[in-house]
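None of the figures in this text is laboratory data; all of them are computed from the coordinates on show. Just so it is clear, the structure is predicted and the values come from calculations on it, not from any experiment. Don't worry about glycine lacking a Cβ; one is built from the backbone with ideal geometry, like all the others, and counts go over all protein chains shown.
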């Protein structure tokens, strides 16, 4: 295995650093249409791209776009089992959906944090944003670190800048587990909706401090590790394919997101038959720990919940556990985003401090919205509460679990 990985890395290095002029396919490197000075202050909203009828047609030459309308959904209503929220998020029931969009950029520059410049237009593409603007109404970059054209010219003229032909973007701006899963992996939906990428197409992925856990999701979609290109610096691509996220944080989710999740879960085989109730612990998390979680775990175990620590499980086992669970419970956080692999009728119990919970958990709802057990935040500021440890009343948890599961061992 070590020799195989070594061969892959040598091959990848050669692919990324082919000298200009030795390959006819790289003649496009000679010149780009960026200005010599100034700031990138416009967003490429694909107005000049060739519109095509199918996802597969996007793979032709030139700047291309496939897009269909978003589908809005009304979410089921969340419920509060105990405690009181300190923020008015639970009233939200609208899921505006997300557009089904795939674009191909003939000549692209990929920069850190998924900043992608179309070198033909000299603009930052709309799908560079974690929450992409809608309908082109936003015409200026909202990021404080606006791109300097002169810096872009230096990057593309630097012979050390890697060069790649034909690639699919599967990177997220932030490299944490939840962000890679919802923002990076969620871009792979075209692979389950009819797109057949050529055998030579590479896939750009995050180089994450958490390791290569996300490679397993691509493997489940028949994308082997030899086709993956971890991105950590500038990269120029001829023929970059970029998909709109099928999950946009705090905003919306499309049905194609759940189709993608089901495809991944199915790859890892049948779920364990003996784990209908799953408690996803944050006891080993680095922040926002539930200080009395050991006692809380014991309460859930008494009602047939299996306690798991996701950071100790391979991706394949996590997917199988969520896919088989009828009930999923645990403190609010990225560990619960595995609920995307659950079946539509799975019920969720989310424990949360009064001043931190997210719309993202609501967006994962299909037949049922979450039931909340609220505890006490140590800080009323949401940004502070997002990191602060917190606690919950154990007696209240015990009473509610008793009401839900007393005499019911199968649900």
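Tabulated data
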item: Ranked by how many other beta carbons lie within 10 Å on average, peptides 152-160, 292-300, 256-264 from highest; result: 256-264, 292-300, 152-160
item: Percent of C-alpha pairs per 10 Å bin, the stretch 75-124, short to long; result: 18, 26, 16, 22, 16, 3
item: Relative packing of 215-222, 351-358, which averages over residues the other C-beta atoms within 10 Å, highest first; result: 351-358, 215-222
item: Protection proxy ranking, peptides 330-336, 340-346, average beta carbon neighbours within 10 Å, highest first; result: 330-336, 340-346
item: Measure of compaction for the stretch 173-305 (Cα Rg per 2.2 N^0.38 Å); result: 1.26
item: Rg/Rh ratio calculated on Cα atoms of the stretch 277-405 (Kirkwood radius); result: 0.93
item: Translational diffusion of the stretch 303-361, µm² s⁻¹ [Kirkwood Rh, Cα pairs; Stokes-Einstein; 10 °C; 1.306 mPa s]; result: 131
item: At 1.567 mPa s and 4 °C, Stokes D of the stretch 44-96 from Kirkwood alpha-carbon radius, µm² per second; result: 86
